[in-house]
């Protein structure tokens, strides 16, 4: 069974100025949580901390025994390079690496799973298509197919539906709800509040610190959203360095 992911007083800072500030809470096993908040609220920073890509300045993340390498992570499209000379099947096959290694040839059943994953995201017949020829939506489908092969217990998605068409969004949202139905823990950074309310049972409203975390209807009230916006407008990039944790340690 998947264990909960627990955050205890987590702070991630750049030059000692927090991007995520003293965050505590739990992603329950098999939960489906949207992380929402203003630009610069620390949403992507939190995902990168969850996979161990960014060190913590304070606090602790307990992943319930899950190795960060066993967490499927989809970064924003802007962070990905589509010019590398790879075909769709080669990218999807990278989802097998955790089980067979990076340098073993994909054959037999593994190759069939690649084809099935492409078909599952609506790209049947795209195996040999070069990445550079794909639209933004097709490229996102390829990345979702790769995640299907990863078969990870925890899935992190950073703005997975940005700059893609409505049909692709709907198709990929079905994949996400399928993961949730299989009991995986799904955590997604999203901006579309209507989508969050329609599909995500839980939400974390983040403005560097947690404004609200819990059932979506309770977390995303007008009052909470207003508070998050006001906090964002009040941010001072030249503010004094946070010493809250240092004060605790001194005590």
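With the condition kept exactly as written, say whether any residue in segment 211-223 is within 26 Å of residue 70 (Cα to Cα) and within 16 Å of the chain's Cα centre (by Cα). Taking every residue of segment 211-223 in turn, none turns out to be within 26 Å of residue 70 (Cα to Cα) and within 16 Å of the chain's Cα centre (by Cα). Determine, yes or no, whether residue 170 is in a helix (DSSP H, G or I), surrounded by 21 or more Cβ atoms within 10 Å (Cβ to Cβ) and either on the phi > 0 side of the Ramachandran plot or at pLDDT 95 or above (or both). No: the conditions fail for residue 170.
Filtered by the rule that a residue be under 16 Å from the mean Cα position of the chain (by Cα), surrounded by 23 or more Cβ atoms within 10 Å (Cβ to Cβ) and more than 17 Å from residue 199 (Cα to Cα), segment 18-36 gives a lone residue, 20. Among the residues making up segment 123-150, those that are free of Cβ contacts under 8 Å to residues at least 24 places away in the same chain and either surrounded by 22 or more Cβ atoms within 10 Å (Cβ to Cβ) or in a loop (DSSP other than H, G, I, E, B) (or both) are 124, 125, 135.
Taken as a whole, the condition of being under 18 Å from the mean Cα position of the chain (by Cα), closer than 22 Å to residue 33 by Cα and in contact (Cβ under 8 Å) with a residue 40 or more places away in the chain does not apply to residue 174. Exactly one residue among 226, 161 is under 16 Å from the mean Cα position of the chain (by Cα), free of Cβ contacts under 8 Å to residues at least 40 places away in the same chain and either surrounded by fewer than 18 Cβ atoms within 10 Å (Cβ to Cβ) or under 23 Å from residue 82 (Cβ atoms) (or both), and that residue is 161.
The values are calculated or read from the model by the stated rules, or taken from the named source; none is laboratory data. Note that this is a predicted model, so its numbers are computed, not measured. Here the Cβ is made from the backbone with ideal geometry for all residues, glycine too, and neighbour counts use every protein chain on show.
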